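Here the structure is laid out as structure tokens; the discussion comes afterwards.
The values are calculated or read from the model by the stated rules, or taken from the named source; none is laboratory data. Just so it is clear, the model here is predicted, and its values are computed rather than measured. Every residue, glycine among them, receives a Cβ derived from its backbone with ideal geometry; neighbour counts consider all protein chains shown. These accessible areas exclude ligands, DNA and RNA; they are computed on the full protein's heavy atoms, side chains included. Shrake-Rupley method; radii C 1.70, N 1.55, O 1.52, S 1.80 Å.
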Amino acid sequence: MTVPRRLLLVNGPNLNLLGVREPEVYGTATLADVERSVTDAAAARGFEVRAVQSNHEGVLIDAIHAAREDCAGIVINPGGLTHTSVVLRDALSGVALPVAEVHISDVMKREPFRHHSYVADVALVHVIGEGIPGYAKAVRLLLDAITGQAEG
Ligand code: CA2
């Protein structure tokens, strides 16, 4: 079977506030900037991107399930659901696509409740605390794994 040349980008609750609130933690780039940088990084490797952001867990789960039909992998910043959601973890594990987990901030240097991720051990790639550029890095690492060709 041929691998679809498409990635799903998932941003979880509150990430629609990027660039609008808390710039000292999350920077000044907006969600649209994030989606553009991921789209550009994927396009450089011949992949397109379907982007979803939602404040509703079920919408994210449905998008992850749909990715099984036509995506080669998933780049996800689950937001606060990282630290709470067995449901999200089960969805990612259930679709069995390669996953890159991204966090803008360095969660290990923040409050203890942010130190545990339910997603971490179902993700192949982890990019944590590298700011907005971390999303494009996650795309490159995930596509390296999917296509089996490392970049220099
Ligand atoms: O560092 C990250 O990317 C996080 O996934 C962001 C989550 C947080 O709960 C995780 O611990 C780490 C929060 C997303 C909320 O994003 C906002 C952006 C701008 C203003 C307010 C919230």
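Brief remarks follow.
- Residue check for Arg21: open to solvent by 70 Å² or more (accessible area, probe 1.4 Å) and in contact with a strand residue (DSSP E or B) (Cβ under 7 Å, 6 or more places away or on another chain): no
- Members of the stretch 1-50 that are among the polar types (S, T, N, Q) and in contact (Cβ under 8 Å) with a residue 60 or more places away in the chain: Asn11, Asn14, Ser37
- Residue check, Ile76 of a type outside the set (Phe, Trp, Tyr) and farther than 15 Å from Val49 by Cβ: no
- Sub-8 Å Cβ pairs linking a first residue in the stretch 86-102 that is farther than 22 Å from Pro4 by Cα and among the basic types (Lys, Arg) to a second residue that is part of a loop (DSSP other than H, G, I, E, B) and at pLDDT 95 or above, at least 6 apart or interchain, are Arg89/Tyr118; Arg89/Val119, ordered by first then second residue.
- Search result, residues across the stretch 1-43 that are part of a helix (DSSP H, G or I) and within 12 Å of the ligand (Cβ to nearest atom): Leu15, Asn16, Leu17, Pro23, Glu24, Val25, Tyr26, Leu31, Val34
- Residue in the stretch 83-96 that is within 16 Å of the ligand (Cβ to nearest atom), open to solvent by 30 Å² or more (accessible area, probe 1.4 Å), at pLDDT 95 or above and hydroxyl-bearing (Ser, Thr, Tyr) present: yes
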